[in-house]
Amino acid sequence: MKSILMTTVAVTLTATLAMADGHSVVRMGTEGAYPPWNFINDAGEVDGFERELGDELCSRAELTCEWVTNEWDSIIPNLVSGNYDTIIAGMSITDERDEVIDFTQNYTLPDPSSYAATSADVDVEGAVIAAQTNTIQAAFVAEKGWTLVEFATPEETVAAVKNGEADAVLADQSFLAAIVEEDADLVFLEREELIGGGVGMGVRESDGELKAKFDAAIQSMKDDGSLNDLITKWEIGETF
C-alpha cells in the first residue's frame, strides 16, 4: 500500500508542475550555507556558483527556477517527499545516494577534500576529525576507522577546530580555501583526499523527463565552454 501511495504522489508532483510564462516552474533545492557553491547574500537571496549555474540551466531547458533552501541533513528526504524538485547543493554523486535519488551527469569534477587545522603537524589518522553530517567526507573518515565528530553545518566543523573540539576539519577544498586564507590561526595540511564522482543535480527517481532536460542543458554548457567559465569564475576546482 505504501509503495502505491508513494508512486501516486510522485506521478502527481511530476504532472502538476506549475506554469509561469509558458514554462514549467521547477523548485531548486539548495543549502544556502556553502560558499562559494551556494550561500545567502546581503539581499537575503540565494547566490553563488550553483545559483548562477542553475538559472542558466533552467533558461536552456526552458524552465522557470524558484529557489528553496533546506538544511543539509534533510535535503534528500525533503526532495523525495516533494518539497522541491531538484537538489543543487554541492552534492557529490555516490552509489549510496543513487540508491535513493537519481542524479544528472556531473557539472563539476571531483573537488579535492582538504584538511584544515591550527597546526601543520596534525596526524589525521590519529586525530579527531570534524566533518559535516551526511557528507562524503564524514563517510570517508568513518570508513577509515578514524575518530569522527559530525556537525549539522559546515561553519560548525570549522568552529570545532578553532575551539579545540577537533584537531582538523575535512571538507571540500573550494569551501575551506577562503576560510584558511582569511584566518591566520588555520593552515592546510599537505594531505588531500579525492572522494566521490563529481557533483550533479539530484532529482526524484520518478522524474526521468526532468533529469533528461537538465542533462541536455549541462552537456550544452560543457560543449560551449560556459560551464568551465563559471567554474573558473567561482574558483570551484578543475575545469572539464
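The values are calculated or read from the model by the stated rules, or taken from the named source; none is laboratory data. Just so we're clear, the structure is a prediction, and the values are computed from it rather than from any experiment. Positions of Cβ are backbone-derived with ideal geometry, glycine not excepted, and every protein chain shown enters the neighbour counts. Only protein heavy atoms, including side chains, enter the accessible area calculation; ligands, DNA and RNA are left aside. Shrake-Rupley method; radii C 1.70, N 1.55, O 1.52, S 1.80 Å.
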Using just the Cα positions, wrap region 175-240 in a convex hull and report its mean projected area in square nanometres, one decimal place. 6.3 nm²
Just from its helices, what would the mean residue ellipticity at 222 nm be for the chain, if runs of 4 or more DSSP H residues each count -39500 (n - 2.57) and the sum is divided by every residue, rounded to the nearest 500 deg cm²/dmol? -11000 deg cm²/dmol
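Mean Kyte-Doolittle of at least 0.5 plus a Cα span of 18 Å or more along the axis: flag which DSSP H helices in the chain meet both, please.
On the way: long enough: 2-15 (20 Å, 1.32); 208-224 (24 Å, -0.71).
In the chain, the long hydrophobic H runs are 2-15.
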Which three extents, in whole angstrom, do the alpha-carbon atoms of region 43-91 cover along their principal axes, largest first? 28, 24, 19
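Calculate how many DSSP beta bridges within region 16-175 are antiparallel, expressed in % of all such bridges and rounded to the nearest 5.
Numbers: 11 of 27 bridges.
Approximately 40 percent, going by the DSSP bridge assignments.
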Added length on full extension, which subtracts the Cα-Cα distance from 0.36 nm per residue, D55 to E99: 13.1 nm
Among the lysines in the chain, how many pairs, 8 or more places apart or on different chains, have alpha carbons under 27 Å apart? 7
So the label point goes 7 Å from the Cα of W146 along Cα→C-beta, right? Which residues of region 170-214 then have their backbone N under 18 Å from it? 170-177, 180, 186-196
Compute, for region 180-232, the length of the dipole vector about the Cα centre, with Cβ point charges of +1 (Lys, Arg) and -1 (Asp, Glu) only. Units Debye, rounded to 20. 440 debye
Quote the Stokes-Einstein diffusion coefficient, in whole µm² s⁻¹, for the chain, based on the Kirkwood radius over alpha carbon pairs, a temperature of 4 °C and a viscosity of 1.567 mPa s. 69 µm²/s
At a probe radius of 1.4 Å, what is the per-residue accessible area of W67, in Å² to the nearest 10? 50 Å²
Treating only the Cα positions of region 88-166 as identical point scatterers, give the base-10 log of I(q)/I(0) from the Debye formula at each q in 0.24 Å⁻¹. -1.22
Computed over the Cα atoms of region 132-177, the Rg and Dmax in Å are 9.9, 26
Loop-only GluC sites (Glu not before Pro) in region 189-240, please: DSSP not H, G, I, E or B, and at most 15 other Cβ atoms within 10 Å. E205, E235, E238
In debye to the nearest 20, how big a dipole does the chain give about its Cα centre with +1 on each Lys and Arg Cβ and -1 on each Asp and Glu Cβ? 840 debye
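Could you give the size of the charge dipole of region 64-170 about its Cα centre, using +1 on the Cβ of each K and R and -1 on the Cβ of each D and E, expressed in debye and rounded to the nearest 20? The partial results should precede the final answer.
Working: 3 positive and 19 negative charges, 33 e Å.
Roughly 160 debye for region 64-170.
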Heavy-atom accessible area of S74, protein chains in place, probe 1.4 angstrom, given in Å² to nearest 10, is 40 Å²
The farthest towards the positive end of the charge dipole of the chain, of the residues A166, Y115, T86, given +1 on Cβ of Lys and Arg and -1 on Cβ of Asp and Glu, is T86
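Between I40 and N83, take the C-beta separation as r, use R0 = 22 Å, and let me know the FRET efficiency to the nearest 0.05.
Working: r = 18 Å, r/R0 = 0.82.
Efficiency at R0 = 22 Å is approximately 0.75.
Starting from 0.36 nm per residue, how many nanometres of slack lie between E156 and D229 once their C-alpha separation is accounted for? Intermediate values should be presented prior to the final figure.
Values: separation 73, 0.36 × 73 = 26.28 nm, distance 3.10 nm.
Additional length available on full extension: 23.2 nm.
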Which of E150, E71, E99 ends up with the largest GNM mean-square fluctuation for the chain, with Cα atoms connected below 10 Å? E99
